[in-house]
1. For the chain, what does the helix formula give at 222 nm: sum of -39500 (n - 2.57) over DSSP H segments with n ≥ 4, over the residue count, nearest 500 deg cm²/dmol?
2. At a 10 angstrom cut-off on C-beta neighbours, averaged per residue, how do the peptides 43-53, 68-78, 168-178 rank from highest to lowest?
3. In Å², and per residue, what accessible area does segment 80-124 have when probed at 1.4 Å with the other protein chains present?
4. Can you give the accessible area of Lys100 in Å² (nearest 10), computed on protein heavy atoms with a 1.4 Å probe?
5. Provide Phe38, Phe103, Phe115 ordered by accessible surface of protein heavy atoms (probe 1.4 Å), highest first.
6. Pull up the cross-link candidates among the aspartates and glutamates for Lys167, meaning alpha carbon to alpha carbon under 12 Å and not fewer than 8 places away within one chain.
7. Rounded to the nearest Å, what's the spacing between the alpha carbon centres of segment 92-167 and segment 178-197? Just the number, please.
8. Compute the relative contact order of segment 97-207 as a whole-number percentage, counting only Cα pairs closer than 8 Å that sit 6 or more residues apart in sequence.
Amino acid sequence: MRFQGQDKGRQARANKHTAPTNSGSKPVVRALDEHALFDILEAQPQGLYLILDCIQDPHNLGAILRTADGAGVAAVISPKDKSASITETVLRVSVGAAEKVPFVQVTNLSRTMKFLQENGIWLIGTSDHGDRTIYDTDLKGGIAIVMGAEGDGMRRLTEENCDFLVKIPMLGSVPCLNVSVATGVCLYEALRQRAAASTAAADAAQP
């Protein structure tokens, strides 16, 4: 699925989550390395994960981290190459989420995807080649939603490594959504399904 980008010339406003100029007092927020994913996955084997395949706009990354925090994502995973990392702009746009949501940058995304699959995580990619919509897909249990880059969407190998391909219905004349908006649509559909299942399980357990 191809996504629109952002206005790269636009600057995010400074806020309490960024350091004052030349102060040096704000701790630097860094991406985690791939070894951190072992511990995260062990702690949340049924968690909701998010994979970003070469998202390059820091505004998009900041907005995605903010949404991921709101949706309870266990970790956001991104390749080190050709991808945005944690910058001042990301910190500003995420308004604190970059400090809370584990952001893991990996050397080999394909290898990491296979590692997730081996540990029971289903990979659900967003693509124009999807044969079902996000609303027709089971998003409960241990899953990772895979979002493609602005403009080009997922790379071929990334798409091939997914277990399912889904799409977001587009009923108007615009062919695609901004990637951060599309991520929000997918994550909150997953949150809705998971919350409904949890409520149903709790009701069934009542005497």
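1. On the way: 6 runs with 70 residues, N = 207.
Calculated mean residue ellipticity at 222 nm is -10500 deg cm²/dmol.
2. Values: 43-53: 20.0, 68-78: 22.2, 168-178: 11.3.
Result, highest mean first: 68-78, 43-53, 168-178.
3. Working: 2070 Å² over 45 residues.
That works out to 46 Å² per residue.
4. 150 Å²
5. On the way: Phe38 115, Phe103 10, Phe115 45 Å².
Largest accessible area first, the list is Phe38, Phe115, Phe103.
6. Partners within reach: Asp128, Asp131, Asp136.
7. The distance from the Cα centre of segment 92-167 to that of segment 178-197 comes to 12 Å.
8. Values: 113 pairs, mean separation 32.7, N = 111.
After rounding, I find 29 percent.
The values are calculated or read from the model by the stated rules, or taken from the named source; none is laboratory data. Owing to the predicted nature of the structure, the values given are computational and were not obtained by experimental measurement. Here Cβ is always computed from backbone atoms with ideal geometry, including for glycine, and neighbour counts include all displayed protein chains. Note: areas computed on protein heavy atoms with side chains; ligands, DNA, RNA excluded. Shrake-Rupley method; radii C 1.70, N 1.55, O 1.52, S 1.80 Å.
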